[in-house]
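As structure tokens, the structure follows; a few thoughts come after it.
The values are calculated or read from the model by the stated rules, or taken from the named source; none is laboratory data. Keep in mind that what you see is a predicted model, and the values were worked out from it rather than measured. Positions of Cβ are backbone-derived with ideal geometry, glycine not excepted, and every protein chain shown enters the neighbour counts. Areas reflect the complete protein model, heavy atoms only, side chains present, ligands, DNA and RNA absent. Shrake-Rupley method; radii C 1.70, N 1.55, O 1.52, S 1.80 Å.
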Amino acid sequence: MRPDRSKRIVILTADAGFGHRKAANALAAALQESYGEACSVEIVNALDDPRVLPQLRNSQADSDRFARDMREVFDRGWNASRAAVPTASLGGALTIALFRVMRDILRTYRPDAIINTYPLYHPPLASVFALTRRRAPLYTVVTDFGIVHPLWFSRAAAACFVATEKVRQLAIAHGLPPEKVHITGIPVAPALADRPSAPSDLRAGLGWSLNLPVLLVVGSKRVQGLPEFLRALNHSALPLQLAVVAGGDDELYAELQRFAWHLPTHLYNWVADMPTLMHAADCVMSKAGGLIIAETLACGLPLLLIDVLPAQEKGNVDIVLQSGAGELALTPGDALEVLYHWLADDGALLTQRAANARAVGRPRAALDIAEFVMSQWQDSLP
């Protein structure tokens, strides 16, 4: 590597859900925070290239629709594709569809390293490496906790970063050398690693009450039945205030604005500074997405999971339940029961759940991955 220039790093991602993009953003922030001008970072969504087949390009939005409206079909299709023959066939199809795009990304950016947060890019990347002279160290960042697709595990990767020992063992079972698989956690925004000020100060700045615990509710188009859960909470008379983020779902946000709120409630459609809200909250209610779980645990907050996407999210639930960091409640009645228990006895159980969350949270995951990647050139850094 040449010592007279910064290291060029391309982070590959996609917008199928929020998780892949949020992981990419977290890694970019960690690299810039820790290394500044010693590296330049570009986040690239290969599926945005106009040469990509519309069916594949639109799969980002379609994954939300299928996951929300056709869950059984989504579940069966995802599980079927994990078998060896379908995985190989899928990899071949992806290589045909994305080879030129991946080749041109390497030509355009000439990266010193590639960090990949989206599994469908591995087959075409491996083919580009094999068939052209353009190659860069490839680092894989897996964004789920337990059940993951074999496409995540590329033997072309220099290293694979995973959240749990379970995923590490899956990676090894699919042919990755043990020394290349590192348990770091799922990367979250570096701002989650350190609370900038006391929760009371943050709440005052947000206009929240200082006298009531805060349940942060994180929604999106993928969270099924959220209005029903919120209606039950709204009429529960629990000693609680709500901070509800619609995740950019305009339809959900409009519906929530029409509620006659009885609990103190703060509504947001989209939030750019989620770390501030999380540091100001006492617990989080959401679906079992890998990134929201990683973010919540990184802040040491208990999780109330109210929705589980078929297939890969079932593995995410395990990390929460087995660590005692939260609970699963798939009906509004169950959710109310959990919250009553958490808040009883001056919040004793809530306090214990928070301690358990802190014990398994990995707020420095993005920073640790950034350090690993940059350490490969440490001797040549200016």
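Of the residues A366, A272, A24, the one that moves most in a GNM of the chain with alpha-carbon contacts below 10 Å is A272. In this simple spin-label model, placing a label point 7 Å from the Cα along the Cα-to-Cβ direction at both A158 and E37 gives a separation of 2.4 nm. Taken per residue, the accessible surface of segment 283-349 reaches 31 Å², heavy atoms only and a 1.4 Å probe. When the helices of the chain are scored as -39500 (n - 2.57) per DSSP H run of n ≥ 4 and the total is divided over every residue, the value at 222 nm lands at -14500 deg cm²/dmol. Using Cβ point charges alone (K and R +1, D and E -1), the dipole size of segment 270-325 about the Cα centre works out to roughly 100 debye.
Amide H contacts under 5 Å for V217: A243, V244, V245, M285, restricted to partners 5 or more places along the chain or on a different chain, H placed in the peptide plane at 1.01 Å from N. Dipole orientation for the chain: of the candidates V284, G185, A97, A97 has the Cα lying most toward the positive pole (charges on Cβ; Lys, Arg +1; Asp, Glu -1). Note on A173 and A93: their simple-model spin labels are 2.4 nm apart, each label 7 Å out from Cα toward Cβ.
When a 1.4 Å probe is rolled over the protein heavy atoms, the share of accessible surface on segment 83-217 that falls to carbon and sulfur comes to 56 percent. Between segment 286-343 and segment 178-215, the alpha-carbon centres lie 16 Å apart.
Structure note, pairs K287/K314; K166/K314; K22/K287; K7/K166: Cα-Cα distances above 22 angstrom occur for K7/K166.
Taking G225, G207, G324 in turn, the Gaussian network model of the chain (Cα-Cα springs below 10 Å) assigns the largest fluctuation to G207. Placing unit charges on each Cβ (+1 for Lys and Arg, -1 for Asp and Glu) gives the chain a dipole about its Cα centre, and among P123, S209, A354 the Cα reaching farthest toward its positive end belongs to P123. Near K221, which aspartates and glutamates are there with a Cα under 18 Å away, not counting those fewer than 8 places off in the same chain? Within the straight-line cut-off, K221 pairs with D15, D62, D64, D69, E72, D75, D249, D250, E251, E255, D307, E313.
Counting only protein heavy atoms and a probe of 1.4 Å, the accessible surface of segment 243-382 is 49% carbon and sulfur.
For the chain, the relative contact order works out to 18 percent when only alpha carbon pairs closer than 8 Å and six or more residues apart are counted. Heavy-atom accessible surface of segment 164-276, averaged per residue, reaches 46 Å², computed with a 1.4 Å probe. A Cβ-based charge dipole, computed about the Cα centre of the chain with Lys and Arg at +1 and Asp and Glu at -1, lands at about 1520 debye.
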